[in-house]
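J.: Questions regarding the structure given below will be posed in turn.
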C-alpha cells in the first residue's frame, strides 16, 4: 500500500519532457530506498506530483520498463524490479544495433579485452563438469560444421545452432567468475551478434572449431599457459593454421 515517503517528486510544471520524468522517478526510487517488489505511486498520483500529463508519464514508465527498472502491470501497478545488468546491457546493444556490421566490429574488441582480462579467474573457477560441458558444445559445433562442409557450398551463414553452441561455450568459460557485469556483457554481445553475423566460407568453420578445441583441451589438461595461448589465438588470429609456439601467436 502506498504511503507518504521521505523524498517527494519535484513538480515539473514547466518541464514536461518524459526524459526528465524518467530521471525524477529513478531519483525517487533511489532516495526512498525502494527495493525489488516495492510499488510506486499510481499513475494519477504521479501525474499530480509531477504536474505532467498521463501520456508524458507513460512514456517515462515505458522507458523505465525497457531499461529494466520497473514493471507496469494492469491491475497490479508499477513495481520496482531487481537490478539486472544482463537486461541493461542487452537493451544498450539493441539500441545501437541499426548498423549490424559496424556494431559487430565494435563489440568484438570489447569481448576480446574482457575475456582475455579474466582468463585467470575463468581458469581457476572452472570445474571438471564445466569442461565436460565445453566438449559437449564443441561436439555440436563439429557436427554442424561437418554437415555444412559435406554440402560443398561456397558461402553460408553461421547458422542458429552453430552460433548458440559457440555462445554457450564462451558463457561456460566465465560462468563461475562471480562477476555478473562480465557475464551480462558477454550475454549481450552474443545476443546482438546472432542477428548480424556475416556470411563466411565453409573452411572458416574448421578453423573456428579448431580454436575452441584448443581452449577446451587446455582446460582439460589444466594447463594455464596453453589456455592463455589458445584464447589469444582465438581472438587475435583470423583463419590461418594454428602453429604451436609460433612467433605470431600474440600478434593482431
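J.: State the number of residues belonging to the stretch 1-39 that are touching a helix residue (DSSP H, G or I) at 6+ places or on another chain (Cβ under 7 Å), modelled with pLDDT of 90 or more and part of a loop (DSSP other than H, G, I, E, B).
T.: Here the count works out to 0.
J.: Going by what's in this entry, would residue 39 be described as under 18 Å from residue 83 (Cα atoms), touching a strand residue (DSSP E or B) at 6+ places or on another chain (Cβ under 9 Å) and surrounded by 14 or more Cβ atoms within 10 Å (Cβ to Cβ)?
T.: When the stated conditions are applied, residue 39 passes them.
J.: Filter the stretch 96-120 down to residues that are over 17 Å from residue 236 (Cβ atoms) and buried (at least 16 other Cβ atoms within 10 Å of the Cβ) and give me whichever is modelled with the highest pLDDT.
T.: Result: 103.
J.: Moving on to the next point. Taking the conditions exactly as written (surrounded by 14 or more Cβ atoms within 10 Å (Cβ to Cβ), part of a helix (DSSP H, G or I), at negative phi and modelled with pLDDT under 70), does residue 133 satisfy them or not?
T.: Considered against the rule, which asks whether it is surrounded by 14 or more Cβ atoms within 10 Å (Cβ to Cβ), part of a helix (DSSP H, G or I), at negative phi and modelled with pLDDT under 70, residue 133 comes out as no.
J.: With the structure loaded, tell me whether residue 65 is surrounded by fewer than 18 Cβ atoms within 10 Å (Cβ to Cβ), within 24 Å of residue 83 (Cα to Cα), at pLDDT 90 or above and in contact with a strand residue (DSSP E or B) (Cβ under 9 Å, 6 or more places away or on another chain) or whether it fails that test.
T.: Judged against the criteria, residue 65 is not a match.
To keep it simple, each residue is scored yes or no on (1) within 19 Å of residue 107 (Cβ to Cβ); (2) buried (at least 18 other Cβ atoms within 10 Å of the Cβ); (3) modelled with pLDDT of 95 or more.
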site	(1), (2), (3)
138	no, yes, yes
146	no, no, no
155	no, no, no
185	yes, yes, no
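J.: Conditions: (1) surrounded by fewer than 17 Cβ atoms within 10 Å (Cβ to Cβ); (2) modelled with pLDDT of 85 or more; (3) under 24 Å from residue 106 (Cβ atoms). Residue 251 meets all but one. Number of the miss?
T.: Against the list (1) surrounded by fewer than 17 Cβ atoms within 10 Å (Cβ to Cβ); (2) modelled with pLDDT of 85 or more; (3) under 24 Å from residue 106 (Cβ atoms), residue 251 comes up short only on (2).
The values are calculated or read from the model by the stated rules, or taken from the named source; none is laboratory data. Worth saying up front: this structure is predicted, and the values here are computed from it rather than measured. Every residue, glycine among them, receives a Cβ derived from its backbone with ideal geometry; neighbour counts consider all protein chains shown.
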